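Visitor: Following this message is one structure expressed as structure tokens.
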Amino acid sequence: MSTAKEDILARIRSSLSDAPAPPAPARAYRRTGTLTHEQTVDMLIDRLEDYKARVYRDTEETLPQRINELLGKSSSYVVPAGFNDAWLPADSSKRSRLVDSGDATRAGALSLKELDRVDAVITNSTVSCAETGTVFLNSKPDEGRRAISLIPDHHICVVKEDTIVELFPEANARVDYSRPVTMFSGPSATSDIELIRVEGVHGPRDLDVIIVK
């Protein structure tokens, strides 16, 4: 027996069977940026800072010192298993480093409660769109699973300069949608009915982005 839903859909298909196909939508939007590389980087910085993120520019040589400064008094932080150890500050007895395997079903993956007790998370990124001020994480080994970038209250994100593009279509082309994707433009924030801004509701309340040459 067919259901009421199937009957309704069958009638719709029958009524449309001799209707002409709708025209293809026009896709005249820009697909390639026109800014110089430095202008594109400056645009990303401007957008991120406007969204209340803190942005720094470093080299791979100065990156460990910068991360150490940003961790501040944090007693613990987590990194994905594929993160480059050479970018991290030296281990300290005052601060513990946790490594997440990247797969919640395997050994080495931190539980949600363990992640909630961690002060900060450090990840790499796949690509950043300057026009929208958006950083993309694509669940790569050095970016980790989505949970580790959403639960800790402080996210330190590394953005390589050569992964910054001007337009969203350029960024979108670098993303593999067969894996989970996380996009963010600044720290997590929302507003209540009186438009009072509240940070850290749906993710980290503090976001530090380090742009690395």
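Visitor: Are there strands (runs of 3 or more DSSP E) fully within region 97-213 with at least 3 residues that are within 16 Å of the chain's Cα centre (by Cα)? List them. Spell out the reasoning first.
Guide: Values: elements: 120-123, 127-129, 134-137, 154-160, 182-184, 189-191, 197-199, 206-212.
In region 97-213, 120-123, 127-129, 134-137, 154-160, 182-184, 206-212 are the strands (runs of 3 or more DSSP E) which contain 3 or more residues that are within 16 Å of the chain's Cα centre (by Cα).
Visitor: Right, next: Can you tell me which residues in region 176-211 are at pLDDT 95 or above, among the aliphatic types (A, V, I, L, M) and touching a strand residue (DSSP E or B) at 6+ places or on another chain (Cβ under 6 Å)?
Guide: Scanning region 176-211 gives MET183, LEU207, VAL209, ILE210, ILE211.
Visitor: Across region 130-147, which residue is surrounded by the fewest Cβ atoms within 10 Å (Cβ to Cβ) among those that are on the phi < 0 side of the Ramachandran plot and small (Gly, Ala, Ser)? Give the derivation first.
Guide: Narrowing region 130-147 to residues on the phi < 0 side of the Ramachandran plot: 130-132, 134-138, 140-143, 145-147.
Narrowing the set further to residues that are small (Gly, Ala, Ser) leaves 130, 147.
Numbers: ALA130: 25, ALA147: 20.
The extreme case among them is ALA147.
Visitor: Among the residues of region 162-180, is any out of contact with any Ser or Thr (no Cβ under 8 Å at 6 or more places or on another chain) and under 25 Å from PRO89 (Cβ atoms)?
Guide: Yes, region 162-180 contains a residue that is out of contact with any Ser or Thr (no Cβ under 8 Å at 6 or more places or on another chain) and under 25 Å from PRO89 (Cβ atoms).
Visitor: Would you point out which residue out of VAL121, VAL127 is more than 18 Å from ILE164 (Cα to Cα), open to solvent by less than 70 Å² (accessible area, probe 1.4 Å) and of a type in the set (Val, Ile, Thr)?
Guide: Answer to the selection: VAL121.
Visitor: Here is a further query. Those residues that are surrounded by 12 or more Cβ atoms within 10 Å (Cβ to Cβ) and either charged (D, E, K, R) or in contact with a Ser or Thr (Cβ under 7 Å, 6 or more places away or on another chain) (or both), I need them from region 86-102; list them, please.
Guide: Hits for region 86-102 are ARG95, SER96, ARG97, LEU98, ASP100.
Visitor: For ALA109, indicate whether it is modelled with pLDDT under 95, open to solvent by less than 70 Å² (accessible area, probe 1.4 Å) and either out of contact with any Pro (no Cβ under 7 Å at 6 or more places or on another chain) or more than 15 Å from ASP208 (Cα to Cα) (or both).
Guide: yes
Visitor: What's the number of the condition LEU150 fails, among (1) of a type in the set (A, V, I, L, M, F, W, C); (2) crowded, with 20+ Cβ neighbours inside 10 Å; (3) touching a Pro at 6+ places or on another chain (Cβ under 9 Å)?
Guide: Among (1) of a type in the set (A, V, I, L, M, F, W, C); (2) crowded, with 20+ Cβ neighbours inside 10 Å; (3) touching a Pro at 6+ places or on another chain (Cβ under 9 Å), the lone unmet condition for LEU150 is (2).
Visitor: Further question on the same structure: Looking at region 4-28 only, could you name the residues that are over 36 Å from the mean Cα position of the chain (by Cα) and of a type in the set (D, E, K, R)?
Guide: Correct list: LYS5, GLU6, ASP7, ARG11, ARG13, ASP18.
Visitor: Can you find a residue in region 191-201 that is surrounded by 15 or more Cβ atoms within 10 Å (Cβ to Cβ) and of a type in the set (Gly, Ala, Ser)?
Guide: So in region 191-201, the residues surrounded by 15 or more Cβ atoms within 10 Å (Cβ to Cβ) come out as 199.
Pick out the ones that are also of a type in the set (Gly, Ala, Ser) and you get none.
Scanning region 191-201 turns up no residue that is surrounded by 15 or more Cβ atoms within 10 Å (Cβ to Cβ) and of a type in the set (Gly, Ala, Ser).
Visitor: Does region 153-188 hold any residues that are open to solvent by less than 40 Å² (accessible area, probe 1.4 Å), closer than 30 Å to GLU114 by Cα and in contact with a Lys or Arg (Cβ under 7 Å, 6 or more places away or on another chain), and which are they?
Guide: THR182, GLY186, PRO187, SER188
Visitor: Grab the helices (runs of 4 or more DSSP H) fully contained in region 1-85, keeping just those with 1 or more residues being among the basic types (Lys, Arg) and open to solvent by 80 Å² or more (accessible area, probe 1.4 Å).
Guide: Working: elements: 4-16, 37-50, 63-71.
Hits in region 1-85: 4-16.
The values are calculated or read from the model by the stated rules, or taken from the named source; none is laboratory data. In this text, all values refer to a predicted model and were calculated from it rather than measured experimentally. As a convention, Cβ positions derive from the backbone with ideal geometry for all residues, glycine included, and neighbour counts pool all protein chains shown. These area figures cover heavy atoms from the full protein model, side chains too; ligands, DNA and RNA do not enter into them. Shrake-Rupley method; radii C 1.70, N 1.55, O 1.52, S 1.80 Å.
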